[in-house]
Amino acid sequence: MDIYLVFNELSASGEHVNQTEYEARVWMSEFEQVITAARKSGLIALKTPEDFFDTLLVKGYRIRDWLRDHSVDHEQQQRIRSAGTSLYHLPDDIAETEERRSAFEFRHGGIPALGLGSAYLLESIAVSLNTGEQWQVTSIALDIEEFDEQIDEIVSRQESVPHVCQTDHLPIHRDWIQDRFTTSVDYGSYLLNKCTMWFPNLLFIDNAQVQIGAMKRGTPQLRQAVRKLFELENYCVNWREGGFNPQQLASKVSPESVSVRNNPQLRGLRTFVLPDQTEAFFEWHLRLTPNAWRLHFLPDAQKRMIFVGYIGEHLPTAKL
C-alpha cells in the first residue's frame, strides 16, 4: 500500500472565516510547499474529499477562489490542482478504505474527523492547513469506535496518526516513512518502480535492476534489501565532504579481501558496467540474510552518490 497525504478538513473549520484573504493565501502557500516536499520524499498523492476545492478558507474565499486568484503564484496553483488522486480512477487501496470507513466512527476533540480516519485506515500521514497552534504537531490523537462482531459490542480506542502542516515536520517522520515503505514491498517489480523516487542518490546499474525485478513475492531477502538501500540513501543525503566512510553506515560494511582483489576471476565476478560503459570493481558490500546474500555497491566521492551493482547470493571467494 502506498503512503498518501490525507487532508484534515478540521484545519479548515468555520472558526477561521473572519480572518483575511491574505492569511488564507499564506496557509495555502505553506500547504503547497508541504505537499511538494512530501512528494519528493515518495508520498504518492494528496487524498482529499470530493468537495475539497469548495473548502471555505475565510469568508467569501474558498480553495477554488485561491486557484483563480491572480495574486497567487501560478505554479503553486497548478501543483495543488495536480496533487490529488483522481475521483474517477481511485487506487485500489483508497477505494477499499472508502468502503471500510463506514464501519468506524472517528473523532478528534469530540468532532467527527473523516480525513484523520482515512489517514489511519490508509496507514498514511494527515496534512493540515497551518491555521492554528493545535495543528503545529507531528501526531494527532484520534478516537475510534468500531463494532466488534465477535463480542457484539462497540469497541473504543485511541490511536496516534502521523501529521504534518509544515515542511520541517517531514524529516521527523523519515524513519516511520521508510519503515512503512519497506513493509509495503511484496515484489521486486514494485521496488524497481519505486527506486528512482525512494533512492534519488542511488543509481542501479542494469545488472542490479534485473536482479531486483526477478525477486518474487516471499523472497525473504527482499524487505531487508529495501532497508539496506535506505541506509545507503540516508548516507548519501548526509554525505557533505570527503571520501566514503563505512563507519557512518548503520550496518556493517566490508570491502573484499586481498585474495579476491588479486584473483582476476573472482574480481571479475564483482566487476560491472557503469552507465558510461566503463567497468568498475564493486568491492564494498552489505550482508543480507538469510542465506548470506550480498549487496555490492560502489561509492562515488566526487558526486556523493552510490552505484548499486549486485543484490543476490554470496559470490564465490577463495574459500568457497
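Of the helices (runs of 4 or more DSSP H) entirely within the range 72-172, those holding at least 2 residues that are closer than 22 Å to E32 by Cα, in contact with a Phe, Trp or Tyr (Cβ under 8 Å, 6 or more places away or on another chain) and of a type outside the set (D, E, K, R) occupy 74-83, 114-121. With respect to (1) touching a residue at least 12 places away in the same chain (Cβ under 8 Å); (2) loosely packed, with under 14 Cβ neighbours inside 10 Å; (3) within 30 Å of V137 (Cβ to Cβ), the lone exception for F230 is condition (2).
For Q76, the criteria (1) surrounded by 14 or more Cβ atoms within 10 Å (Cβ to Cβ); (2) within 27 Å of E21 (Cα to Cα); (3) in contact with a Leu (Cβ under 8 Å, 6 or more places away or on another chain) hold in every case but one, which is (3). Taking each residue of the range 259-282 that is within 16 Å of F307 (Cα to Cα) and looking for partners that are at pLDDT 90 or above and loosely packed, with under 13 Cβ neighbours inside 10 Å with beta-carbon atoms closer than 8 Å, six or more apart or interchain, yields T271/E279; F272/E279; V273/D206; V273/E279. Scanning the range 254-293 for residues that are basic (K, R) and under 30 Å from the mean Cα position of the chain (by Cα) yields a total of 1. Name the residues in the range 1-24 that are in contact with a helix residue (DSSP H, G or I) (Cβ under 6 Å, 6 or more places away or on another chain) and surrounded by fewer than 19 Cβ atoms within 10 Å (Cβ to Cβ), would you? Listed by number, the list holds a single entry, M1. Give me a count of the residues in the range 199-222 that are buried (at least 19 other Cβ atoms within 10 Å of the Cβ) and either closer than 14 Å to W293 by Cα or free of Cβ contacts under 8 Å to residues at least 12 places away in the same chain (or both). Of the residues in that region, 6 qualify. Could you go through the range 216-234 and let me know if any residue there is over 22 Å from Q178 (Cα atoms) and of a type outside the set (G, A, S). Checked the range 216-234: no residue is over 22 Å from Q178 (Cα atoms) and of a type outside the set (G, A, S).
Pairing each residue of the range 137-161 that is over 17 Å from S11 (Cβ atoms) with any residue that is β-branched (V, I, T) and outside any strand (DSSP E or B), provided the two are 6+ apart or on different chains, yields no C-beta distance under 6 Å. Among the residues making up the range 277-302, those that are assigned to a loop (DSSP other than H, G, I, E, B) and at pLDDT 90 or above are Q277, T278, F282, E283, A301, Q302.
Within the range 25-37, does at least one residue satisfy the condition of being touching a strand residue (DSSP E or B) at 6+ places or on another chain (Cβ under 7 Å), surrounded by 18 or more Cβ atoms within 10 Å (Cβ to Cβ) and under 28 Å from Y190 (Cβ atoms)? Checked the range 25-37: at least one residue is touching a strand residue (DSSP E or B) at 6+ places or on another chain (Cβ under 7 Å), surrounded by 18 or more Cβ atoms within 10 Å (Cβ to Cβ) and under 28 Å from Y190 (Cβ atoms). Only one entry in L249, L222, L266 is under 16 Å from D300 (Cβ atoms), of a type in the set (A, V, I, L, M) and in the same structural domain as F204 (by TED's automatic domain parsing), namely L249.
The values are calculated or read from the model by the stated rules, or taken from the named source; none is laboratory data. Just so it is clear, the model here is predicted, and its values are computed rather than measured. Heads up, the Cβs are rebuilt from the backbone with ideal geometry, glycines too, and the neighbour counts pull from every protein chain shown.
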